[in-house]
């Protein structure tokens, strides 16, 4: 499971020595800001720690019974990320001093500027390097029906989400459990074989 560390957030704004420890409400604001940024990548995430635990264990329970679908597992993953984030916030921020309004605003602005998508990719790359290599042979591919559906999804993502072609390939590839280049190569091969590029 990806682990998002609060320590990666630049808290240089909160350095002045103050008497009072950081308030629980301030920690919630910081975690809430990170949650909002993560939602742009992972989809809707639980708003409270009890919700995160409930969703996480509900997803695991369904999976153990063989009844979990992709949406359930994705929600459980997001809930696990949030539970980890809250635990990290409690550990890392509880001894920090309460920031001034200006210091807190600067910290929240810095969170807004963080590239969480890059952090998530780095987590998966680290995990991927520890896994055994793919055995030699044919790479996983898609059958003709899956290809047609994947191409439609790429077009829809580009039109509705207004993302780049590569990002559309990546999102669709993740759904089908293949590398984005598999989708890209199929797309290009089909377009080249077609008399018109619009046919795919």
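Values quoted throughout were computed directly from the atomic coordinates according to the rules given, and no laboratory measurement underlies them. Keep in mind that what you see is a predicted model, and the values were worked out from it rather than measured. We place every Cβ from the backbone using ideal geometry, glycine too, and count neighbours over all the protein chains shown.
Once a ≥ b ≥ c are taken as the square roots of the eigenvalues of the Cα gyration tensor of the range 144-199, is the result rounded (a/c under 1.5), prolate (a/b larger than b/c) or oblate (a/b not larger than b/c)?
Oblate, because a/c is 1.5 or more while a/b does not exceed b/c.
Looking at the square roots a ≥ b ≥ c of the eigenvalues of the Cα gyration tensor of the range 63-143, which shape do they give, rounded for a/c under 1.5, prolate if a/b is larger than b/c, or oblate?
Here the range 63-143 falls in the prolate category.
Computed FRET efficiency, Cβ-Cβ of residue 92 and residue 162, R0 35 Å: what is it to the nearest 0.05?
0.50
Give me the Kirkwood hydrodynamic radius of the range 6-130 in Å, from all C-alpha pairs, to one decimal place?
Final number for the Kirkwood radius of the range 6-130 is 15.8 Å.
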